[in-house]
There are 2 protein chains.
Amino acid sequence: MKNEVLDSLLTPKSVAVVGASATPGKIGYSVMKNLIDGGYKGAIYPINPSAEEILGIKCYPSISDVSGSVDAAIITVPSKLVDGVTDEIGRKGVKGMIVITSGFSEVGNRDLELALVKKANSYGTRVLGPNIVGVLSNTDKFNGSFAPFLPLPGKASLVSQSGALLIALDAATYTRRVGFDKLISIGNMSDVDFADIVSWLDNDPNTSCITLYIEGFKDGRAFIDAARKASKPIIALKAGVSAHGAAAAASHTGSLAGAAKVYGAALQQAGVIQATDLDNLFDRTLALSQQPPMKGDNLLIITNGGGVGVLATDAAERSGLPLKFAPADVQLELKKHMPEFGSAKNPVDLTGMAGNDWYGDSVRYSFAHPWTEGLVVLYCETAITDPMQIAQAIKKAVDESGVKDKPITVSFVGGEKSEVAMRWLVENGIPAYGAPDVAVDAISSLREFSRMKALSAQTTEPCAAFDSEAAREVIRKARADGRDSLTEIEAKEVFSAYGMPVTSTELARTEDQAVALAKKIGFPVVMKIVSPDILHKSDAGGVKVNIKDETGVREAFKTIMKNAKEYKATADIHGIAVQEMAPWGTEVILGSVNDPTFGPTIMFGLGGIFVEVLKDVTFRVAPVADTQARRMLDEIRGAPILAGVRGEEARDREALSDVICQYSTMILDLKDEIAESDANPVLVYEHGSGLKVVDARIILKKK
Amino acid sequence: MKNEVLDSLLTPKSVAVVGASATPGKIGYSVMKNLIDGGYKGAIYPINPSAEEILGIKCYPSISDVSGSVDAAIITVPSKLVDGVTDEIGRKGVKGMIVITSGFSEVGNRDLELALVKKANSYGTRVLGPNIVGVLSNTDKFNGSFAPFLPLPGKASLVSQSGALLIALDAATYTRRVGFDKLISIGNMSDVDFADIVSWLDNDPNTSCITLYIEGFKDGRAFIDAARKASKPIIALKAGVSAHGAAAAASHTGSLAGAAKVYGAALQQAGVIQATDLDNLFDRTLALSQQPPMKGDNLLIITNGGGVGVLATDAAERSGLPLKFAPADVQLELKKHMPEFGSAKNPVDLTGMAGNDWYGDSVRYSFAHPWTEGLVVLYCETAITDPMQIAQAIKKAVDESGVKDKPITVSFVGGEKSEVAMRWLVENGIPAYGAPDVAVDAISSLREFSRMKALSAQTTEPCAAFDSEAAREVIRKARADGRDSLTEIEAKEVFSAYGMPVTSTELARTEDQAVALAKKIGFPVVMKIVSPDILHKSDAGGVKVNIKDETGVREAFKTIMKNAKEYKATADIHGIAVQEMAPWGTEVILGSVNDPTFGPTIMFGLGGIFVEVLKDVTFRVAPVADTQARRMLDEIRGAPILAGVRGEEARDREALSDVICQYSTMILDLKDEIAESDANPVLVYEHGSGLKVVDARIILKKK
C-alpha cells in the first residue's frame, strides 16, 4: 500500500535543513555538505536566520519564507528550539520531519518528545527520530544525514536503531562488499517505527531485502503484523539477548519468558530471518538481496578441494540442509568433467586439477538440472588457476543455464586475487564469501525465507468459537470480591468458556455436598482446598487424590479443612473442590504472560523435568494458528515424547494443537484482564483420545 | 624434548630436491623456484640425472653424488620411482623425506606407502607425507613446497591435513592479516603424524600457537598424549562432523558414539581449543598467538557505541564470560573520561564523543587495574575521529600500563580506514577484528586455554586398584564356551573385579537353589533369566521384580522358565539369576565403545528419557581421571538432576565419579577383550549413600 507521507519523508523531492550552518564541525554543516557531495538532485533549502547563503545555496530565515514546496525537513537545531520550528514546518505543509536533534527521551525528556509528535501529527506531519543520524538513499543520491558518504550501492536497505552503528556500517559496506540502497536511522521511534518502515520498504522498488538492527520494539504486535504482510525477505539482528533483566514474575511461565525467547518466537512468527551477529547480518543480507528463495532442500555443492567440501558438508547439516547424493544422471554427466579420482556424489569434487572449463561445464549442467534447488560453488585458490577466470566461468555458466528461480552462492578461499574475483562476482549479482560454511549459511537463509513464507501464508486466525461473556462474568465476580487471582474452579470455568477440556470440578461447602458431588462426578475423585489465600495447595496439605468411596470423601473433607486451618488460620476458605480424577497421561504445561512488548504470549512445554530442569519450552505471541501450534510441538527437545517413544502410541497432538489455539485465543480476548496464567499439568492421551486440563491458574491484571 | 630428526625434516640446513626440473609447470620446477624466491639460505641440491643445472644451481644425477651433507630431501618424482630414491637417500644419511609425490594410499596404494616408510625408517629416516604440498617456514625463509609464497609472518604455525586448503590459506594469511611462522602439510601421515609435529612445534622457539586442520587421526591416543604434554595453546578445526557414518553397533553406547562426539571429547581431554569454522580458526589463532592466557573471568569492555557494546555483551554471555559490573573504584575513575550520559559500569560506554584521550586514559587505567583479567576495546568509526589515531592511543595505553600477563583484543567496526588501523594493531601485537562478537570470542579462547591447562595439569592416572586376573578368568571361560558376549552375572563379576558396586546376583539352576539364594541375599529379590541367547530379557517375560517370599520365588522360577522356553525353544538357558533388589535411585547409564581412532572410550548419561529421547550423553577417552569425571557429570543437560532439584538432596556424585574412573580403568585394561559394554541402569543414591550397578552387559571382541 502506498504511503505518500512516508514517500515524502524517505524519498523527498525537496528538503529543508532547519539549522543549516556554514561552520564545519556543526551537524547543520555536515548535513548540507553531505547532501551536496552525495549529488542530491532535489531542491535544498538551508534554514538559518543569520546566514545569507550556505555552501553556495541561498539560505532562508524561516521555512515559511521558502516559496517552493518542501517534502521533508531535516532538523538539526537544539532540542529546545524544535517545538517552535515544528509549527512553522506544519503550517508550511511539510509531510516529513527527519529529527537528527538529540536530547529527548533518550536522556529522560519524554514529555518534550511526546509534545513534538503530537504537534507534528496535528499538521499531518510524521516524525522520524528524534536522536538519529538521518536518511541515506543511493537511488535518490540523497544523503540527508551526518554520515559522511552514501553506502556502497546495492539492493538491500538497512534500518538501524543505533546511530553509531549505522555510521560505522555505512563505511563497512565498502570493505565487506555488501551494498545497500537505503540506510535509515530510526532512533527513539517517537512516531515512525519499524512497522511503518518495513511496510514502506516492502513497496520500495529499489529494495529487495529489508535488513534490521533492533534493540527493542515499542509495539511488537504492530511489527509482527507489518512483517508478516511483507513479501520481501526481512533479516534482523536483535541485540540485547543476555539473561539479565528477565522480569520477576509470579507464575512459572513468567520466570521462563526471558526477553530473548519471546523476541525469538515473535520474529519467527513474523517470518523474519534472524542473524546471529554482525557478520552474519551482512553475509545473509548479501544473499537475500541478490538471489531468489530456495524452494526445496536439494542443495548441490561443487568444489575443487576435499577439505572445503567437508567443511561445507558439516555446515549444511548445521544449517538444516543435510546433503543428499546427487541423482544418477547428474553423477554420470559430472563424471565427465573431473579426473578418475574426483567424486560426482555431493559434494561434487572436481579436484585440484579443475580449471575454468570444468567449473563452467559442471555449474551450467547442474544448475539447470531439475533436481538441484540450490547451488554452492567452492573454490580453493591454487597455483595453476586464476581466481578471476574461475569467477567469470561461473558467472557465464549461470547465465547460460538460463536459470533465474534458484539461488547460487560462492566461496573462494584464497588471497588478494580471490578477493578481487569475489568483488567482481558480487558486482555481477552472485554472492561470494571467503569461507565455505558462510556460503552454505547464506544459501540456507534463502531456504529459511521460503519455508517461512509458506508457513505465514497459512491462516493466522484464532481457531475456536468461544463464550467471552461467560469468562468475563467469572472475572467480574472475582474482582467484585476484591481479588486479583482466580481460584482453580474459576480458572477452569474461564478455560471451559474457550473450549478447553478441563477435569469436572465443583465446589463443595459442606461434607454432604462433597459426597453428593463425588457421586455425581463418579469415583475415584480428587479433593482440593479452594481458597484465594492458599496458592500452594499441596504444601498446605490441601490435596487428596484417588478417593474411592463415600467414607473416603468424608475423611478427606475433614482432614483437608483441618490442614488448611492449621496452615493459615486467617485464610478465606471457599470450600473444597471435588474433581474428576483424570487417568494418567503425558504431562504438558501451557502458560501465558502479558509481554510488555508483544502482549499476550503463550508458552508450551512438557511437564516434569523437561520444564523444571531443562527449561525446554517454546513461546508464541497470540493468536497462534494451527500450523504454528504444530510447529511448537515439534520444536521442543522433548518432541519425540509426543511422537511416541519406544513403540508407544503417539500422543494426541491434534487435540494439543487445538488447545494451544484455544488458549491463545483466550489470552488475546482477555488481554485486558489476564496478567499471567498456567494450565499445569495438562494430561495428554493417546492419539484420538484427547487431553484434560487438570489444574489451572489465572492471575488478573491489577486494576 | 628435542627431536633432531624432526629438526632436519622441518628446519633443514640443506635440502635436496629429488626430481628437480627446469620445466615450468612441473612440481619439481615449482619447488626449486619457491626455495630460491623464498630466500632460503641453506644449500640447495637439485637431483635430476638429465640436467646440468636448474635455475642456475648445479644439478646432481643422484643424491649420492652430493658431497656435502643433506638434512632433508624433497621428493617430487613419480610414485613408482620413490622406492629407488629412498635407498639412495637412506644411504646418504638424510634424516628427513618431504614426500610431495602422490599416488599412495589416497588412491588405494597402501602397500607402496607402507614399503616406503619401512625402508626409510630402516635408515633412521622419517617421512612427512606422502601426498603433501610441502613445508614452509618464515624463520628459515624455507619454502619447500609448491605453494607459491611464504605466508604472512607471524607467531602461529599451521598443520593441515588438506593440501588444497593449505595453499589457499597461505594466500589468505595476507587478506585475513593472521600471520604464521610455519605451514606444514601432513598429507597421508604414513609416518610423521599430528602427535610428532605437535610435540616438535611445542619446542619450536618461533611458534607461539599450534593451529591444526584435522580430517582424522590414525592414532588418536598418541595425539592426546602429545597435546596434553604441550605447554603452548593448540587450536583445531575438525572437519567431517556430519552425522552420516556413525557405525552400526550392537550396544546403546555404540549407537550414540558418533565420530563428532568422540572427537569433541578427545580434543577437550587433550586440552585442545576447538574452532567452529575456518573464520573462527583464523580469528582465535590470532589471539592465541599474540596474547597471554586470560587467568580469570573478569572481562571488561570499553566502547564508544552502545550498539556494539550490547552485541559484545550478548557475545560474552554466549562465550561463557558473562559480564559483571566493574568495581566502584574503577567506575569512579572511568567516569572522569566520558560525558554525563556515558556509562562506567560494564560495558564502559565512552559514547560517540570519545576521542583519542578518553580511549587512552580509560584503557591505561583499566588494563592495569587488578580487577581486570581481560580487556576488549570496541570502536565504531565516527565522522569526528580517526581510526589510526584511536589505534595508536590504545597501543600506547597498553604499553604504558606495563601489563604483560593479561590479554586484550580489539574490534573496529568501519570501512577502509578502520581496516588500515586494525592491520597496524595486529602488526603491533594487538589482535583486532571487524566485529565486536569476534573480539569477544577471541579473548574467550584465551580464557578457555587457561581453564584447560588448569584441568590437564591434574592427574590423569587410572584411579583404582583392580583384579585384572579375576576379570580375565571370567572372559576366558565365556570364550571357552564359544561365546562373544558375557551373561549379566559374568559381566557383573568383571565390573566387581574393578571395584564397582553391583547388586548381589547369583545363579540358580533349580527352584530350590533359587529359594536358598533368595534367603541368603535377603528379600525382596529380583529374578531374571540367564541365557546367552536371550538378550532382551524383559521382552521374553524373563524378569520378575519385588519378590517377597519363598512362595513368590518358586512361582517366579516356574513362570520365567516357561516364558523363556516359549520365547525361544532352542535357547541355552544357564538358569535364573537371583538378585538383590536395589532401592530406588536416580538412573544413570555408563557404557563404552572401542573407538577405531581413540580406543576404549567411556560414555555417561542420565537414564530414561535423557538417554532415550534427548541423547544427553557425554564421552571421554579412557582413562578418565577424577577431575574429568566430575566435569562429565556437570556437562550433561540433566546435570541439575544430580545436583538435586526442587529441594531434593544431591546425588552421590563422588561415588559416581569414582565409578566412572573404575569403568574407564576396566575398559582400558581389557581393551583387547571388550568391544562394547553397558552398565544400565546404575542407581545413584543420596550424597554419601553410593550407588549400585543393577544391570551389566559386556560384548567381547571377536577373536
Exercise. What single numbered condition from (1) touching a strand residue (DSSP E or B) at 6+ places or on another chain (Cβ under 9 Å); (2) under 23 Å from A:Glu566 (Cα atoms) fails to hold for A:Lys492?
Worked result: (2)
Problem set entry | Top-ranked residue of the range A:160-199 - restricted to ones that are without any contact (Cβ under 8 Å) to a residue 24 or more places away in the chain and among the β-branched types (Val, Ile, Thr), ranked as surrounded by the most Cβ atoms within 10 Å (Cβ to Cβ) | A:Thr173
Exercise. Restricting the search to the range A:642-654, which residues are touching a helix residue (DSSP H, G or I) at 6+ places or on another chain (Cβ under 7 Å) and not charged (D, E, K, R)?
Worked result: A:Leu642, A:Val645, A:Ala650
For this session: Tell me which residues, restricted to the range A:323-369, are within 12 Å of another protein chain (Cβ to nearest Cβ), in contact (Cβ under 8 Å) with a residue 12 or more places away in the chain and in contact with a helix residue (DSSP H, G or I) (Cβ under 7 Å, 6 or more places away or on another chain).
Result: A:Leu323, A:Lys345, A:Pro347, A:Asp349, A:Leu350, A:Gly352
Seminar exercise, completed: Residue hits (the range A:333-377; of a type in the set (Lys, Arg) and assigned to a loop (DSSP other than H, G, I, E, B)) are A:Lys345
Problem set entry | Tally of residues being under 16 Å from A:Lys615 (Cα atoms) and out of contact with any strand residue (DSSP E or B) (no Cβ under 8 Å at 6 or more places or on another chain) across the range B:611-625 | 2
For this session: Examine the range B:278-296 for a residue that is touching a residue at least 12 places away in the same chain (Cβ under 8 Å), more than 29 Å from the chain's Cα centre (by Cα) and away from chain A (no Cβ under 14 Å), and state whether such a residue exists.
Result: no
Seminar exercise, completed: Restricting the range A:370-392 to residues that are buried (at least 23 other Cβ atoms within 10 Å of the Cβ) and over 19 Å from B:Ala168 (Cα atoms), the one nearest to the other protein chains (Cβ to nearest Cβ) turns out to be A:Gly374
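Residue-by-condition table, conditions (1) closer than 21 Å to B:Leu446 by Cβ; (2) at pLDDT below 95; (3) touching a Lys or Arg at 6+ places or on another chain (Cβ under 8 Å); (4) not polar (S, T, N, Q):
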| position | (1), (2), (3), (4) |
| --- | --- |
| B:Ala236 | yes, no, no, yes |
| B:His244 | no, yes, no, yes |
| B:Ala249 | no, yes, no, yes |
| B:Ser255 | no, yes, no, no |
| B:Gln268 | yes, yes, no, no |
| B:Arg284 | yes, no, no, yes |
| B:Leu300 | yes, no, no, yes |
| B:Lys324 | yes, yes, no, yes |
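Let's see how each residue does on (1) more than 30 Å from B:Asp539 (Cα to Cα); (2) in contact (Cβ under 8 Å) with a residue 24 or more places away in the chain:
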position: A:Phe598; (1), (2): yes, yes
position: A:Val613; (1), (2): yes, no
position: A:Pro640; (1), (2): no, no
position: A:Asp652; (1), (2): no, yes
position: A:Cys661; (1), (2): yes, yes
position: A:Ile674; (1), (2): yes, yes
For this session: Pick out the one residue from A:Leu114, A:Leu150, A:Leu136 that is part of a loop (DSSP other than H, G, I, E, B) and touching a residue at least 40 places away in the same chain (Cβ under 8 Å).
Result: A:Leu150
Exercise. What about A:Ser30, is it surrounded by 22 or more Cβ atoms within 10 Å (Cβ to Cβ), of a type in the set (Ser, Thr, Tyr) and assigned to a loop (DSSP other than H, G, I, E, B)?
Worked result: no
For this session: Kindly list, by first and then second residue, each pair from a residue in the range B:561-588 that is without any contact (Cβ under 8 Å) to a residue 12 or more places away in the chain to a residue that is β-branched (Val, Ile, Thr), limited to pairs with Cβ atoms under 8 Å and residues at least 6 apart or on different chains.
Result: B:Lys565/B:Ile573
For this session: For the range B:326-344, enumerate the residues that are at pLDDT below 90 and either polar (S, T, N, Q) or under 27 Å from the mean Cα position of the chain (by Cα) (or both).
Result: B:Ser343
Problem set entry | Total residues in the range B:41-57, condition closer than 22 Å to B:Val82 by Cα, part of a strand (DSSP E or B) and hydrophobic (A, V, I, L, M, F, W, C) | 3
Exercise. From the residues in the range B:150-159 that are more than 12 Å from every other protein chain (Cβ to nearest Cβ) and under 17 Å from B:Thr285 (Cα atoms), which one is surrounded by the fewest Cβ atoms within 10 Å (Cβ to Cβ)?
Worked result: B:Pro153
Exercise. Restricting attention to the range A:569-585, which residues are surrounded by fewer than 14 Cβ atoms within 10 Å (Cβ to Cβ) and not hydrophobic (A, V, I, L, M, F, W, C)?
Worked result: A:Thr570, A:Asp572, A:Pro583
For this session: Under 6 Å between Cβ atoms, at least 6 apart or on separate chains: pull out the pairs that start in the range B:297-316 with a residue that is within 7 Å of another protein chain (Cβ to nearest Cβ) and under 16 Å from A:Leu166 (Cα atoms) and end on any residue that is part of a helix (DSSP H, G or I) and of a type in the set (D, E, K, R).
Result: B:Leu311/B:Asp437
Exercise. Across the range A:468-527, which residue is surrounded by the most Cβ atoms within 10 Å (Cβ to Cβ) among those that are charged (D, E, K, R) and without any contact (Cβ under 8 Å) to a residue 24 or more places away in the chain?
Worked result: A:Glu493
Exercise. Scanning the range B:549-585 for residues that are among the hydrophobic types (A, V, I, L, M, F, W, C) and in contact with an Asp or Glu (Cβ under 7 Å, 6 or more places away or on another chain), which turns out farthest from B:Lys692 (Cα to Cα)?
Worked result: B:Ala571
Seminar exercise, completed: Restricting the range A:398-408 to residues that are among the hydrophobic types (A, V, I, L, M, F, W, C) and surrounded by 24 or more Cβ atoms within 10 Å (Cβ to Cβ), the one nearest to the other protein chains (Cβ to nearest Cβ) turns out to be A:Ile408
Exercise. Being surrounded by 24 or more Cβ atoms within 10 Å (Cβ to Cβ), at pLDDT 95 or above, farther than 21 Å from A:Gly28 by Cβ and more than 10 Å from chain B (Cβ to nearest Cβ), is that true of even one residue in the range A:131-149?
Worked result: no
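The values are calculated or read from the model by the stated rules, or taken from the named source; none is laboratory data. These numbers were taken from a predicted model, which means no experiment stands behind them. In this analysis, Cβ positions are derived from the backbone assuming ideal geometry, glycine residues included, and neighbour counts consider all displayed protein chains.
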